[in-house]
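Student: Dropping the structure in here first, questions after.
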Amino acid sequence: MRFETGDLLDHVGKDPVVITTNGTVRKNGKANLGSGNAKQVGEVLPWLDEKLGYLVDQFGNHVHHLDNMIVSFPVEHSWQERADLGLVKRSAIELVMLVDQIGWDNVYMPLPGCGKGGLRPSDVISILAPILDTRFIVLNKE
């Protein structure tokens, strides 16, 4: 994985983008996008919560290809919980399988679980480093 400075929203609609998500689906069938990058992308793509809600309801809290360039990356089992390192690892493995299948050269993503999820960046990096190759670009706004 590589690290670059940039804003994830600048890549929406232009490049493959990963958003961190949780496994909560509301009574109306829409996913709870939380308060992080999924919420921000959902403000740009108003269909996102409905599509993710359907996929989580039908197939579980896994990596989902939401459209041609948006992929969900579960870090929490519920919006009420902290991010889970085991789920981050499983999501990273699923993400690599999806990217291999599609054939993307570059995928932009946040450092999963480190914002509102409460995980320490060093812990997440140590889990992701052996899994994510240089196709995966982790963006930092600073």
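The values are calculated or read from the model by the stated rules, or taken from the named source; none is laboratory data. All of these numbers come straight from a predicted model, not from anything done at the bench. Note: ideal-geometry Cβ built from the backbone for every residue, glycine included; neighbour counts use all protein chains shown. With ligands, DNA and RNA removed, areas are computed over all heavy atoms of the protein, side chains included. Shrake-Rupley method; radii C 1.70, N 1.55, O 1.52, S 1.80 Å.
Student: Tell me the per residue accessible area of the range 41-142 using a 1.4 Å probe; a whole number in Å² is fine.
Tutor: 51
Student: In the range 4-113, carbon and sulfur make up what percent of the accessible area (probe 1.4 Å)?
Tutor: 48
Student: Oh, and also: Which of the following values of semi-axes √(5λ) of the Cα gyration tensor in Å was calculated from the structure shown: [x] 28, 22, 10; [y] 21, 17, 15; [z] 32, 26, 14?
Tutor: Read-out taken from this structure: [y].
Student: For labels at Asp7 and Ile93 in the simple 7 Å Cα→Cβ model, what's the distance in nm?
Tutor: The answer from the label model is 3.6 nm.
Student: If you don't mind, another one. Ranking request for peptides 33-44, 3-14: highest mean number of other beta-carbon atoms within 10 Å first, then the rest in descending order.
Tutor: Highest mean packing first, the order is 33-44, 3-14.
Student: If you stretched the chain out fully between Lys116 and Ile102, how much longer would it get, using 0.36 nm times the residue separation minus the C-alpha to C-alpha distance?
Tutor: Result for the pair: 2.1 nm of gain on full extension.
Student: Mean residue ellipticity at 222 nm from the helices of the chain, using -39,500 (n - 2.57) per DSSP H segment of n ≥ 4 over the full residue count, to the nearest 500 deg cm²/dmol?
Tutor: Dividing the helical sum by the residues of the chain leaves -10000 deg cm²/dmol.
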